[in-house]
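The values are calculated or read from the model by the stated rules, or taken from the named source; none is laboratory data. Computed from a predicted model, the values in this text were never measured in an experiment. Cβ: placed from backbone, ideal geometry, glycine included. Neighbour counts: every protein chain shown. Surface areas here come from the heavy atoms of the whole protein model, side chains and all, with no ligands, DNA or RNA. Shrake-Rupley method; radii C 1.70, N 1.55, O 1.52, S 1.80 Å.
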Amino acid sequence: MDFEAVIGLETHIELSTVTKMFCGCSTVFGHPPNTQVCPVCLALPGSLPLINRKAVEYTIKVALALNCQIQSFCQFHRKNYFYPDLPKGYQISQYDLPLGRNGYLEINTEDGTRKVRIHRVHMEEDTGKLIHSGLTGRISEAQESAVDFNRCGVPLLEIVTEPDLRTPEEAKIFLSSLRNLLQYLEVSDCNMEEGSLRCDANISVRRGDMDELGTKTEVKNLNSFRFLSRALQYEIERQKKILAKGGVIRQETRHFDATTNRTTSLRSKEMAHDYRYFPEPDLVPLEISDQWVDEGRRSLPELPGAKRLRFMEGYGLPEYDAEALTSSRAMADFFEECAKRYHRPKIISNWLMGDFTSLLNATDTAVERSKVTPEHLTEMLKLIDEGVISGKIAKSVFEEMFNTGRMPREVVEEKGLTQIADEEELARLVAEVIAENEKATGDYREGKGSALGFLVGQVMKKTRGRANPELINRLLRERLGGS
Ligand SMILES: [Zn+2]
């Protein structure tokens, strides 16, 4: 039987506002436990919440960038449940009147551009954090648990897709496009290690010829791209096996365990009525005027799709390059800074997609934290153009700059990497190489053109890559005769 997977994602994003959603406490990550708390976020009796205007503005921006309809009248609701990381006994969230609805995000898959529909975008507050002592960090095996309320009340954005994704690969592309968009909007750092971007998935499987959806499970704890793919792969296979045997999928919430790569049942799925939602009586409804929406629209930066087109048209870059460079705002900005200082965009692009990206990946460094700046790269490119260093040497200069942050001229001078431009010196090395390589020289004279490449390589070796290969080529040919 042919099965098709149906996936929807629910992402939670911590907004990078200075203060929390309903009080003035700081949102900075990593401070000692319970130092960023007040009566409001600790839910002490008599305290009253106040809506963070900035968080609403950020949410409007995100909803607009995701092509959502903005609700002019929206409201906060109480979502009631008991858990030790939630001192109020309820979370202030949005229910039937979310800020944004019915949007979409375009993603680029191997099969072309696809629209993934966005069901809703709403605001809520984060919970505190439980720390379970014990080897596994899971509550079932813990001796004791501690609670940190610093995160309690941090503004959260929830973005829910329609079940439009079909493969783990597509889900990954969606999440990475969404993260890229949010980083462009500068509303969150989307740091997955620090929990600023968290993802849950709804997964069901159906026979290829069916229209209706199968029973879904919700998988939690997909907090890296790798976990997301692995968890989806596992869960899809698990459901297929059950259905193939004629079994039934139970609607439930499952936990992904990254050490075993499996999902395990956590609890039967809650229904909305389990949460006894009701309008938050301590907050007035939120009216979002057209003027406020217009301000949000005007404040939107150039978004990735538009930037990609401009990179192709304005700089004459191939689509592949434009896509790679705009896949993060930091990289796109880096490129544009370089392009202001150096006039050959394609050369810049080659270095950024090649050496720069591989060094960033190898050292797990973010573009923003790189020691190489646009000044470094463009000065180095000028040194190549001026014939001071060869393209080959430039690779090691680049690596040195990347590791130390020193300027290219310094590196070149200190390491004696300048290109040998002295023809006499090169001619002497050419003569040496000819004398040492009788066989290759003979081959070349007998018409074997490829032998020349070998001889050029030998001269380059003697200069430790500091010669201009074209010049050596010419000198060798002059010396050996022939064309
Ligand atoms: Zn507080």
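In segment 216-230, the residue that is modelled with the lowest pLDDT out of those that are over 19 Å from the mean Cα position of the chain (by Cα) and open to solvent by less than 60 Å² (accessible area, probe 1.4 Å) is LYS220.
Selection of segment 78-97 for residues being aliphatic (A, V, I, L, M) and closer than 11 Å to GLU124 by Cα yields only ILE92. Scanning segment 135-161 for residues that are aliphatic (A, V, I, L, M), within 16 Å of the ligand (Cβ to nearest atom) and either closer than 19 Å to PRO33 by Cα or open to solvent by 20 Å² or more (accessible area, probe 1.4 Å) (or both) turns up VAL147, VAL154. The residues of segment 26-39 that are under 28 Å from the mean Cα position of the chain (by Cα) and within 14 Å of the ligand (Cβ to nearest atom), listed by number, are SER26, THR27, VAL28, HIS31. Against the conditions (1) open to solvent by 20 Å² or more (accessible area, probe 1.4 Å); (2) of a type in the set (A, V, I, L, M, F, W, C); (3) touching a Pro at 6+ places or on another chain (Cβ under 7 Å), LEU181 satisfies every one except (1). Before we move on, is THR17 open to solvent by 20 Å² or more (accessible area, probe 1.4 Å) and either near the ligand (Cβ under 10 Å from one of its atoms) or among the β-branched types (Val, Ile, Thr) (or both)? No, not satisfied.
Of the listed requirements (1) farther than 26 Å from LEU266 by Cβ; (2) open to solvent by 10 Å² or more (accessible area, probe 1.4 Å), ASP164 misses just one: (1). The number of residues in segment 44-59 being among the small types (Gly, Ala, Ser) and more than 15 Å from GLU124 (Cβ to Cβ) comes to 2. The one condition from (1) in contact (Cβ under 8 Å) with a residue 24 or more places away in the chain; (2) surrounded by fewer than 21 Cβ atoms within 10 Å (Cβ to Cβ); (3) within 16 Å of the ligand (Cβ to nearest atom); (4) not hydroxyl-bearing (Ser, Thr, Tyr) that GLU57 does not meet is (3). Among the residues making up segment 40-54, those that are within 14 Å of the ligand (Cβ to nearest atom) and either open to solvent by less than 70 Å² (accessible area, probe 1.4 Å) or within 30 Å of the chain's Cα centre (by Cα) (or both) are VAL40, CYS41, LEU42, ALA43, SER47, PRO49, ILE51, ASN52. Looking only at segment 33-53, residues that are touching a residue at least 40 places away in the same chain (Cβ under 8 Å) and over 17 Å from SER93 (Cβ atoms) come to 7 in all. For GLU438, indicate whether it is of a type in the set (Asp, Glu), loosely packed, with under 12 Cβ neighbours inside 10 Å and under 48 Å from the mean Cα position of the chain (by Cα). Against the criterion (of a type in the set (Asp, Glu), loosely packed, with under 12 Cβ neighbours inside 10 Å and under 48 Å from the mean Cα position of the chain (by Cα)), GLU438 does not qualify. Being open to solvent by 80 Å² or more (accessible area, probe 1.4 Å) and either free of Cβ contacts under 8 Å to residues at least 40 places away in the same chain or not in a loop (DSSP other than H, G, I, E, B) (or both) is a property that holds for THR259.
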